[in-house]
Each structure stands twice: as C-alpha cells, then as structure tokens.
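**Student:** Before we start, here is the structure in question, set down as structure tokens.
The values are calculated or read from the model by the stated rules, or taken from the named source; none is laboratory data. Given the structure is predicted, the values throughout are model-derived calculations rather than measurements. Ideal geometry is used to build each Cβ from the backbone, glycine not excepted, and the neighbour counts take in all protein chains shown.
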Amino acid sequence: MPLAIFASRCTVYIMAYPAKTDRSAILAAAVGILAQQGLRGMSWRAVAASLGLAPNSLYRYFASRKHLEMAVAAEVAGRLHAALLKTNPEKQAAEKSIRAFAKAYLRFAREQHLLYEALLVPRPASGEDAIAPRRLWLFAVGVVSRVSGPKVAQEATVALWAFLHGIAALQSADAFDAEKPFSSSFEFGYRAWMEAARAAASVGTKRGR
C-alpha cells in the first residue's frame, strides 16, 4: 500500500485533558491525600488516580513531584498563617501575643500533624509558591519583634520556631508523659526564650540611646 494512502487512512487519537484538571484541582487533591496519608502517601500516581487521570497528565501543571510538594508546602504555610492570624496579636500585649502564637502553632502541628510534615522538608520555593511561606515568615518576625526588638527579630524568630518545632515533634512522637510532662516543659522553654528576647530588646534599647 502506498505510504500516502496508508497515512490518509490512519486515525490519530489525542488524549484530552479532563475538564476538571487544573492546577488548583491537583493541588487540592494532593493536600487531601497529605492530610490522610502524609508525605509518603502523596505519590505522583496517588494524586493522579484520585482525579481519574493518567500520571503523565500532571506534568502539564507541575514539572515534577518536587514542584508539586513545593506547592503543597505553600498551601500548608498559608493555612498555618491563617490559624496564627486568629490570635489577633496586634490586639494583645506583646508577651501575651507570643504565648498565643506559640499555642496556636502547637495546636496546628498537633491537629494537622500530617499537613505539618510538608513544612519541614527543605525545598526552596520560587514564584507563586514562595508567597505564602514568605508571608508566614514576615508575620512571625513582626510578632516576635515586639518583644525582642527589630535588631535581632530574625534570630529570635528562628529560635522560637526551633523551640516550637521541637515541642511539636515530641508531641507527634507521643514522647510526653508523667516523667516528661508537656506543660512544665513548654513553660520552661517558653520562659527561657522570653528572657533572652527581653534581654536582647534591652541591649538594643540601651545602644540606641
């Protein structure tokens, strides 16, 4: 059969992307799986299957699983930020706002522990996926700077985050018990951080005179 005739009789099938497929739908599906199964369960295939898609369909919206994870981390950062905003720090005394911030952070980490996992895997975000984490960071620095002063606010924020993440990790591992009590352990660390932040603010004030 001549090639021209053969080609004219061939039918080319093009796989269309389902109408329900878009970046936000894929992201929502991934977050849903993360909330139920954690990062290990949030596989490329699992996300695609939850939407009734072939795995390769996801590449139209995310270059790789790493990029999908960055988008999920940004979504979780936005949710944590929203939870922390409910503490209304601007309406409270500076030190009370830190306690409210800490409690809200730990509550989120405890109640949404599988989502919280997404915040802990190092993966530098860029573009739109960098916006929510950046807003969360700036919010935290703003709350902390009211106690520590602006000069060491970033260092004090990292220290507070390290303390809260450590407590959150121990919560997740069910490490607290009668011998290792949560409340008094939290208070000890909280007071130590607060004293250091106050001292830093005092030094900054004296140098500014």
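**Student:** Please verify whether S57 is farther than 26 Å from A169 by Cβ, outside the structural domain of V158 (by TED's automatic domain parsing) and touching a residue at least 40 places away in the same chain (Cβ under 8 Å), treating the condition exactly as stated.
**Tutor:** Against the criterion (farther than 26 Å from A169 by Cβ, outside the structural domain of V158 (by TED's automatic domain parsing) and touching a residue at least 40 places away in the same chain (Cβ under 8 Å)), S57 qualifies.
**Student:** Restricting region 57-90 to residues that are among the basic types (K, R) and part of a helix (DSSP H, G or I), which is modelled with the highest pLDDT?
**Tutor:** Looking at residues that are among the basic types (K, R) and part of a helix (DSSP H, G or I), I get R79.
**Student:** Here is a follow-up. Take the residues in region 129-178 that are farther than 30 Å from R23 by Cα and of a type in the set (D, E, K, R), then tell me which one is surrounded by the most Cβ atoms within 10 Å (Cβ to Cβ).
**Tutor:** Within region 129-178, the match that is surrounded by the most Cβ atoms within 10 Å (Cβ to Cβ) is R146.
**Student:** Spot the failing condition for I98; the list is (1) part of a helix (DSSP H, G or I); (2) in the same structural domain as D174 (by TED's automatic domain parsing); (3) within 16 Å of the chain's Cα centre (by Cα), and only one is missed.
**Tutor:** I98 satisfies all of (1) part of a helix (DSSP H, G or I); (2) in the same structural domain as D174 (by TED's automatic domain parsing); (3) within 16 Å of the chain's Cα centre (by Cα) except (3).
**Student:** Any chance you could count how many residues in region 162-173 are at pLDDT 95 or above and assigned to a loop (DSSP other than H, G, I, E, B)?
**Tutor:** 0
**Student:** Among the listed residues R110, R191, R123, R198, identify the single one that is of a type in the set (K, R), in contact (Cβ under 8 Å) with a residue 24 or more places away in the chain and more than 30 Å from L68 (Cβ to Cβ).
**Tutor:** So the residue among R110, R191, R123, R198 that is of a type in the set (K, R), in contact (Cβ under 8 Å) with a residue 24 or more places away in the chain and more than 30 Å from L68 (Cβ to Cβ) is R198.
**Student:** Name every residue in region 47-56 that is outside any loop (DSSP other than H, G, I, E, B) and surrounded by fewer than 17 Cβ atoms within 10 Å (Cβ to Cβ), in order of residue number.
**Tutor:** Residues satisfying the conditions are A49, S50, P55, N56.
**Student:** Report whether or not T21 is at pLDDT below 50 and either of a type outside the set (A, V, I, L, M, F, W, C) or within 17 Å of the chain's Cα centre (by Cα) (or both).
**Tutor:** Spelling it out, it is not the case that T21 is at pLDDT below 50 and either of a type outside the set (A, V, I, L, M, F, W, C) or within 17 Å of the chain's Cα centre (by Cα) (or both).
**Student:** For region 181-197, does any single residue satisfy the condition of being touching a helix residue (DSSP H, G or I) at 6+ places or on another chain (Cβ under 6 Å), closer than 19 Å to K86 by Cα and aliphatic (A, V, I, L, M)?
**Tutor:** Checking region 181-197: not a single residue is touching a helix residue (DSSP H, G or I) at 6+ places or on another chain (Cβ under 6 Å), closer than 19 Å to K86 by Cα and aliphatic (A, V, I, L, M).
**Student:** A further question follows. From the set of residues in region 24-45 that are surrounded by 17 or more Cβ atoms within 10 Å (Cβ to Cβ) and without any contact (Cβ under 8 Å) to a residue 24 or more places away in the chain, which is nearest to L120 (Cα to Cα)?
**Tutor:** I33
**Student:** Follow-up question, since we're still on this one. Would you confirm whether any residue within region 70-88 is more than 30 Å from A197 (Cα to Cα), buried (at least 17 other Cβ atoms within 10 Å of the Cβ) and touching a residue at least 60 places away in the same chain (Cβ under 8 Å)?
**Tutor:** no
**Student:** I'd like to verify a number: residues in region 179-193 that are surrounded by 15 or more Cβ atoms within 10 Å (Cβ to Cβ) and of a type in the set (F, W, Y), how many?
**Tutor:** Adding up the residues that qualify gives 3.
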